[in-house]
Amino acid sequence: MRLRSDAVASSGSANSGAVGEPGRSYHPLAGRPAAGADVALDSRRAAIAELGDALRDLVEQASATEVGEDVLRQVAAQVRRAAAQLGQRTRTRAELPSADDLLGGYRMYNPVTGAGSGLAAPLHVEVTPDAVVGTCTLGLAFEGPPTFAHGGVSAMLLDQLLGYATSAAGHPGMTVQLELRYRAPVPLQTPLRLTAEVGAVNGRRVTAWGAITTAAEPGKILVEASGTFVGLRAEQAARLFGGVHPDATDPTVAHD
């Protein structure tokens, strides 16, 4: 199934369909906000993205470092002090981040694409008329077998990208089944290319297919996946997310 051209335009640049704004995830309802519509919110998102970059650098350096024990303990103390500062005001599980906007497509802490997430690669996504394409480079923090990515990381990346494809096709939903075939290990510190496209649509149930390759060898599949996604009914979305935020009960955004 071809992805809708109108979805491409709404996801970011009208020319490329790239999701280029910090923390912005693709969503078919998301329209680009007017410039300067909320300067304070834009500034907060930029600060969150800056912290996210620093956290990802910290995690990567911590995974690669071979410094001495004294330096490790010194840095650990510094990190604990920083964590205490951030902990002065926190949200609960039942609260959305103040910088998020579900209808606008902003999920700052998504663990795959979120600019504010210290866990994210982060995956950069581009929506085209025919497929969804993701690019990222996995550092040593994602290591499973020596020099290669953990298989669970591949599953997380593909689950996210398959979900993007279903949303871009106008059929957003939650993952109910994900099957993977690992053909070859995914190398670390290597630019990767991920693709996803929608296969069949049967009411609220959508199937999608995706793959991971290196950017240098896009014809050599390392990991492939097929997934089934189901759009929530209004009452299901209300039951699952009713205590979080009114926007969260909209079935069109009730997914990752």
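Quickly run through region 134-169 and pick out the residues that are under 18 Å from the mean Cα position of the chain (by Cα), small (Gly, Ala, Ser) and assigned to a loop (DSSP other than H, G, I, E, B). Give the steps one after another, and end with the answer.
First pass over region 134-169, keeping only residues under 18 Å from the mean Cα position of the chain (by Cα): 134-139, 141-142, 149-169.
With the extra rule that they be small (Gly, Ala, Ser), the set shrinks to 134, 139, 141, 149, 151-152, 154-155, 163, 165, 167-169.
Result: Gly139, Ala169.
Looking at region 123-133, which of the residues that are in contact with a helix residue (DSSP H, G or I) (Cβ under 8 Å, 6 or more places away or on another chain) and part of a loop (DSSP other than H, G, I, E, B) is surrounded by the most Cβ atoms within 10 Å (Cβ to Cβ)? Let's see the steps before the verdict.
Taking region 123-133 first, the residues in contact with a helix residue (DSSP H, G or I) (Cβ under 8 Å, 6 or more places away or on another chain) are 123, 125, 127-129, 131-132.
Right, trim to part of a loop (DSSP other than H, G, I, E, B) and you get 123, 128-129, 131.
Values: Leu123: 22, Thr128: 18, Pro129: 12, Ala131: 19.
Ranking the qualifying residues of region 123-133, first place goes to Leu123.
I'd like to verify a number: residues in region 46-68 that are among the aliphatic types (A, V, I, L, M), open to solvent by less than 60 Å² (accessible area, probe 1.4 Å) and over 29 Å from Ser98 (Cα atoms), how many?
Total satisfying the criteria: 1.
State whether one or more residues within region 69-91 are touching a Ser or Thr at 6+ places or on another chain (Cβ under 7 Å), surrounded by 15 or more Cβ atoms within 10 Å (Cβ to Cβ) and either assigned to a helix (DSSP H, G or I) or not charged (D, E, K, R) (or both).
Looking only at region 69-91, we keep the residues that are touching a Ser or Thr at 6+ places or on another chain (Cβ under 7 Å), and these are none.
No, region 69-91 contains no residue that is touching a Ser or Thr at 6+ places or on another chain (Cβ under 7 Å), surrounded by 15 or more Cβ atoms within 10 Å (Cβ to Cβ) and either assigned to a helix (DSSP H, G or I) or not charged (D, E, K, R) (or both).
Being surrounded by 14 or more Cβ atoms within 10 Å (Cβ to Cβ), assigned to a loop (DSSP other than H, G, I, E, B) and among the hydrophobic types (A, V, I, L, M, F, W, C) is the filter here, so list the residues in region 184-199 that pass it.
Val186, Leu188, listed by residue number.
All but one of (1) aromatic (Phe, Trp, Tyr); (2) under 22 Å from Pro111 (Cβ atoms); (3) open to solvent by 70 Å² or more (accessible area, probe 1.4 Å) hold for Phe229; which doesn't?
(3) is the only condition that Phe229 fails.
Being modelled with pLDDT of 95 or more, under 19 Å from Ile212 (Cα atoms) and of a type outside the set (Asp, Glu) narrows it down to one residue among Gly139, Gly87; which is it?
Numbers: Gly87 fails: under 19 Å from Ile212 (Cα atoms).
Every option except Gly139 fails the conditions.
In this structure, is Arg181 assigned to a strand (DSSP E or B), in contact with a Pro (Cβ under 6 Å, 6 or more places away or on another chain) and more than 21 Å from Ala254 (Cβ to Cβ)?
Working: assigned to a strand (DSSP E or B): yes; in contact with a Pro (Cβ under 6 Å, 6 or more places away or on another chain): no; more than 21 Å from Ala254 (Cβ to Cβ): yes.
Considered against the rule, which asks whether it is assigned to a strand (DSSP E or B), in contact with a Pro (Cβ under 6 Å, 6 or more places away or on another chain) and more than 21 Å from Ala254 (Cβ to Cβ), Arg181 comes out as no.
Which residue is surrounded by the most Cβ atoms within 10 Å (Cβ to Cβ), if the candidates are limited to region 200-226 and must be assigned to a strand (DSSP E or B) and over 21 Å from the mean Cα position of the chain (by Cα)?
The first filter runs over region 200-226 and keeps only residues assigned to a strand (DSSP E or B), leaving 200-202, 205-214, 223-226.
Next, only the ones that are over 21 Å from the mean Cα position of the chain (by Cα) stay: 200-202, 205.
Details: Ala200: 10, Val201: 17, Asn202: 9, Arg205: 15.
Here the answer is Val201.
The values are calculated or read from the model by the stated rules, or taken from the named source; none is laboratory data. Everything quoted here is computed from the prediction, not taken from an experiment. FYI the Cβ positions are ideal-geometry reconstructions off the backbone, even for glycines, and counts take in every protein chain you see. Keep in mind that these areas ignore ligands, DNA and RNA; they rest on the heavy atoms of the full protein, side chains included. Shrake-Rupley method; radii C 1.70, N 1.55, O 1.52, S 1.80 Å.
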